[in-house]
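Q: After the structure tokens below, expect a handful of questions from me.
We did not get these values from a lab; they are worked out from the coordinates using the rules stated. All values reported here derive from a predicted model rather than from experimental measurement. Here the Cβ is made from the backbone with ideal geometry for all residues, glycine too, and neighbour counts use every protein chain on show.
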Amino acid sequence: MQPIIDALLARQSTKADTLVEPAPSDAELAEVFAAAVRAPDHGAIRPWRFRLIRGTAREELGRVFAEGLKRRKPEATAEEVQALAAKPLRSPLIVAVLAEVMDKHPKVPPIEQVVATGMAAQNMLLALEALGYGAVFLSGPPTYDPWVKRAFGLAEKDAIVGFLYVGTPGQERRQKKRPEAGAFVAEWSAPVAVEA
């Protein structure tokens, strides 16, 4: 099991604008998605949905991002709109990670379904790293934009969890300083003061 720990400790995001061709092949992506759907999934709801965006579809996604910006911020400058439209062109492949939420489930609230989808995305990041690819999971305003959600066929109850930008690292990745895990860990022994 040590190789799994080693892979987890080595994983890091790759800047989107340093990702170049080649992107993973369809056979490699099949492995990545097989890893994704092994994420914990309370109630076996399988809320995750993945949309591959590559080639000229990236330009279309840029147009969707730009239109969303113009709708939510009519005062946006032409430069802001153009900059947002260009973002999907930073990598050869984008995977939109979507949560199709089963509303009013008797045992599994929406937050758990979104978290399960986020765990699927983490599995994808680890699988891509193991295959030698670079990736970064990005969100930002388009993730929460109703116009962008509709472009993916999502209902109001659903969520765009994020966009996974994927490719081959075009330059050596700068190693990031990580926090000491112990700073976030403590024994719990009694409730924090709770009002009666």
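Q: Students often get this wrong, so try it: which of (1) 1, 7, 13, 14, 12, 11, 11, 9, 7, 6, 4, 3, 1, 0, 0; (2) 1, 7, 14, 17, 17, 12, 7, 4, 4, 3, 3, 3, 3, 2, 2, 1, 0, 0; (3) 1, 7, 13, 16, 17, 16, 12, 9, 4, 2, 1, 0 is P(r) over Cα pairs in 5 Å bins from 0, in percent as calculated from the structure shown?
A: Calculated P(r) over Cα pairs in 5 Å bins from 0, in percent: the matching label is (3).
Q: Pull up the cross-link candidates among the aspartates and glutamates for Lys157, meaning alpha carbon to alpha carbon under 12 Å and not fewer than 8 places away within one chain.
A: Excluding near neighbours in sequence, the set is Glu100, Asp103.
Q: Also: For the stretch 89-196, just the Cα set please: Rg and Dmax, both in angstrom.
A: 18.2, 58
Q: State whether the stretch 1-117 is rounded, prolate or oblate according to the following rule on the C-alpha gyration tensor (a ≥ b ≥ c being the square roots of its eigenvalues): a/c under 1.5 gives rounded; otherwise a/b larger than b/c gives prolate, and the remaining case gives oblate.
A: On the way: a/c = 2.19, a/b = 1.28, b/c = 1.71.
Oblate.
Q: Within the chain, which complete DSSP H helices have Cα atoms spanning at least 18 Å along the helix axis and a mean Kyte-Doolittle hydropathy of 0.5 or higher? Could you put the intermediate results ahead of the total?
A: Values: long enough: 57-72 (23 Å, -0.94); 110-130 (30 Å, 0.80).
Counting only whole DSSP H runs, the qualifying helices are 110-130.
Q: Enumerate the aspartates and glutamates that Lys107 could reach by cross-link, defined here as Cα to Cα under 15 Å, with residues fewer than 8 away along the same chain left out.
A: Asp41
Q: Please compute the net charge surrounding Ser91, taking Lys and Arg as +1 and Asp and Glu as -1 over other residues with Cβ under 10 Å from its Cβ.
A: Working: positive: Lys15, Arg54, Arg58, Lys87, Arg90; negative: Asp17, Glu21.
Net charge in that neighbourhood comes out at +3.
Q: So which aspartates and glutamates pass the test for Lys176, namely a Cα distance under 18 Å, with those fewer than 8 places away in the same chain ruled out?
A: Straight-line reach from Lys176, under 18 Å: Asp6, Asp17, Glu129.
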